[in-house]
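Below is one structure, written out as structure tokens; comments come after it.
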Amino acid sequence: MKETEQQITEEEKMQHLRFKANQFFLREDWEQSIQTYSQYISLCQTHISNPQNQPDPKLQESLCLAFSKRAETRSKIRDFDEALKDCDESLKIENTHFKTLMCKGKILLNLDRYSMALNCFKIANLDHPINKDSKILNGYLENCKKLESLSRSGAFDFTSWITNGFKGKLPELAEYIGAIEIKKSEISGRGLVATKNIDVGSLLLVTKAIATERGILSKNEDLDHNAQMVMWKNFIDKVVKSSSSCKRTQYMISKLSVGENEEALEVPDIGIFRPESEQDCRLLNEKMDMDFLLSILDVNSLVEETFSSKFLGKNGDYHGVGLWVLASFINHSCNPNARRFHIGDHVIVHASRDIKEGEEITFGYFDVFSPLKARKQMANNWGFDCHCKRCKFENEIWLKHEMGEIEIGHENGADVGTTIYKLEECMRKWMVRGKMKGYLRASFWKVYSELFVSEKLLRKWGRKIPTIEMVVESIVEAVGGDERVLRVVIEGMKRNGGGGVVEMEKVMKLGRGVYGKVMKKQAMRSLLS
């Protein structure tokens, strides 16, 4: 009799806990829900493991569902590691449990593990072909197939979104790694290197941020500084949360540099950054050292709006900061070969000029269309000295007396045509050829652009200086595509009646260097207009 009463009490307690856990879940009180499900699971396991109790299939079924519900609850607070463990416990009891397969599939999809997520949804569909959630399941299946294909091929197309004025849902984006690998860098530490010849505009990588923080900044300097400090704190909190809830995220962050002892750093295999990689991260500490993490963020965080990047589909006053792990391996050069743009929480990196096999992928951390003196100051603000081919060449050129005269004359308000004429004459005299011409012309791009947009100055100096086509071609070959150059070319084409097919194709090629091949002609025209 006492045993029966004890059993009834235990059953009532379990039912009460399950009811409470479900109530907390419905109220979106995730912490309380997890805690109560944990109590229920513990009580169930104790009851099942007691040899005096008869096997109870219904209790096993209930335990399976409890693991599934706790997994779903943990995924709400982005505790993905523990959520996946709960899914696996649930599937040990019933390997085709529909709700668990759906939950696990959604978590894996959130972690960009498309093939593994697709497998979960396929099993769910195979074992439960007719279900009230069939429409939702089919949606996940199709989405997974699409993302898995994009991750392999990199065949992204943003045409509809762009031509629609960036309205509606953001384009579907998948993690993608192109023909690149991580190697020791001649510039600094480690870098991304091309594993084959890459054409201008070709996609190099698409990667999702570990965390981002954005906001509209005030034009008031003090308020602006305070707002940035708040954004930075919020950003750090998000990174801490992401790294503590996913061991793989913590592992990837730990591979980044803290800005010291760069030469001694290990060169990780790029495969560990692929979303499908199964890296054993169990030995990692529960928490990353805060000073270590802050040093990593200080060195590796990217600002969304810079001269080598663009944020598509938002207000121009928007300011954002984020951590994109693989993109953080890209070093600076004053003759960069890559650009990036941001869509949502993803960064898309493409070749801004042709890249040779074995060449390192580089960004401009600051405006590389600036004279040497200004670039040196900007590099100093970033905490490094640039020793790229362009800077080495210009360091020698700027020692020449004539360059000092050209610079002083320009600073004192000399006619832009005079400045360009003298520069071009000096380059002829010094026998400056190929990319070297492009380097100097990029340093004086502001002067060139002032002349090329002025009909009066073009009439005056046109025959004494190179054509816009010659100047642009040399600049793009030397430092890659840039939106400002593209705009000047378009204005010139409009002035000359809009240009023909050949001219338009040249503009499109320039556009591919700025926006990448993911922009089809229709989208490119929309952006250029």
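Working from label points 7 Å from Cα in the Cα-to-Cβ sense, the LYS389 to ASN143 distance is 4.5 nm. For region 405-469, the equivalent ellipsoid derived from the Cα gyration tensor has semi-axes of 18, 14, 11 Å, listed largest first. Measuring between their Cα centroids, region 401-416 and region 445-500 lie 21 Å from each other. Accessible surface comparison of THR195, THR249, probe 1.4 Å, protein chains only, largest first: the order is THR195, THR249. Among the listed pairs LYS287/LYS389; LYS92/LYS169; LYS356/LYS376; LYS145/LYS521, those whose Cα-Cα separation exceeds 32 Å are LYS287/LYS389; LYS92/LYS169. Taking every alpha-carbon pair in region 234-276 and binning the separations at 10 Å intervals from zero gives 24, 46, 29, 1 percent. In region 58-114, Cα pairs under 8 Å separated by at least six residues give a relative contact order of 35 percent. Between the listed residues ASN226, ASN261, VAL206, the Cα displaced farthest toward the positive end of the dipole of region 173-274, a dipole computed from Cβ unit charges relative to the Cα centre, is found at VAL206. Across region 369-382, coupling constants 3J(HN,Hα) worked out from phi with the 6.51/-1.76/1.60 Karplus curve, θ = phi - 60°, read 8, 10, x, 3, 4, 5, 5, 4, 5, 5, 5, 4, 4, 7 Hz, and Gly and Pro carry x. When the Cα positions of LEU527, TYR37, GLN15 are compared along the charge dipole of the chain, LEU527 comes out farthest toward the positive end, with charges on each C-beta of Lys, Arg, Asp and Glu. The charge dipole of region 1-127, taken about its Cα centre with unit charges on the Cβ atoms of Lys, Arg (+1), Asp and Glu (-1) only, comes to about 380 debye. About its Cα centre, region 397-529 has a charge dipole of approximately 500 debye under the convention of +1 per Lys or Arg Cβ and -1 per Asp or Glu Cβ, with nothing else charged.
Put simply, the amide H of ILE180, placed in the peptide plane, has neighbours under 5 Å in THR195, leaving out anything fewer than 5 places away on its chain.
Less than 5 angstrom separates the built amide H of LEU204 from those of VAL349, HIS350, ALA351, all sequence-distant by 5 or more or on a different chain.
About its Cα centre, the dipole of the chain is roughly 2120 debye, where the only charges are +1 on Lys and Arg Cβ and -1 on Asp and Glu Cβ. Post the alpha-carbon centroid distance, region 61-129 to region 419-444, in whole angstrom. Using only Cα atoms to place each centre, the spacing works out to 63 Å. Ordering GLY434, HIS410, LEU423 by Cα displacement along the dipole of region 380-447 toward the positive end leaves GLY434 in first place; charges were set at the Cβ atoms of Lys, Arg (+1) and Asp, Glu (-1). In the complete set of protein chains, residue-level accessible area for ASP224 is approximately 40 Å², probe 1.4 angstrom. Using just its DSSP H runs of length 4 or more, each adding -39500 (n - 2.57), the chain gives a mean residue ellipticity at 222 nm of -17500 deg cm²/dmol after division by all residues. Computed over every Cα-Cα pair of region 431-529 and binned at 5 Å starting from 0, the pair-distance distribution P(r) comes out as 2, 12, 23, 24, 20, 12, 4, 1, 0 percent. Close amide H contacts of THR362 (hydrogens built in the peptide plane, cut-off under 5 Å, sequence separation of 5 or more or a different chain): ASN337, ALA338.
Per-residue Karplus couplings for region 514-521, computed as 6.51 cos²θ - 1.76 cosθ + 1.60 with θ equal to phi - 60°, are listed in order as 7, 10, x, 6, 5, 8, 6, 4 Hz, Gly and Pro entered as x. Can you compute log10 of I(q)/I(0) for region 335-469 with the Debye formula, treating each Cα as one identical point scatterer, at q = 0.21, 0.22 Å⁻¹? Taken in order of the listed q values, log10 I(q)/I(0) reads -1.35, -1.42. Approximating the spin labels as points 7 Å out from Cα along Cα→Cβ, the ASP269-to-SER188 distance works out to 2.9 nm.
Applied to region 185-196, the Karplus parametrisation 6.51 cos²θ - 1.76 cosθ + 1.60 on θ = phi - 60° returns per-residue 3J(HN,Hα) values of 9, 6, 8, 6, x, 10, x, 8, 10, 6, 9, 7 Hz, with x for Gly and Pro.
Relative to the longest principal axis of the Cα atoms of the chain, helix 57-76 runs at roughly 30 degrees. One compactness figure for region 375-421 is 1.38, namely its Cα radius of gyration divided by 2.2 N^0.38 Å.
Take region 408-529 with all the other protein chains still there, run a 1.4 Å probe, and you get 52 Å² of accessible area per residue. Taking only the alpha carbons of the chain, we obtain Rg and Dmax values of 29.0, 111 Å in that order.
The values are calculated or read from the model by the stated rules, or taken from the named source; none is laboratory data. For clarity, every value in this text was computed on a predicted model and none was experimentally measured. When we count neighbours, we look across all protein chains shown, and the Cβ atoms used for this are built from the backbone with ideal geometry, even at glycine. Note: areas computed on protein heavy atoms with side chains; ligands, DNA, RNA excluded. Shrake-Rupley method; radii C 1.70, N 1.55, O 1.52, S 1.80 Å.
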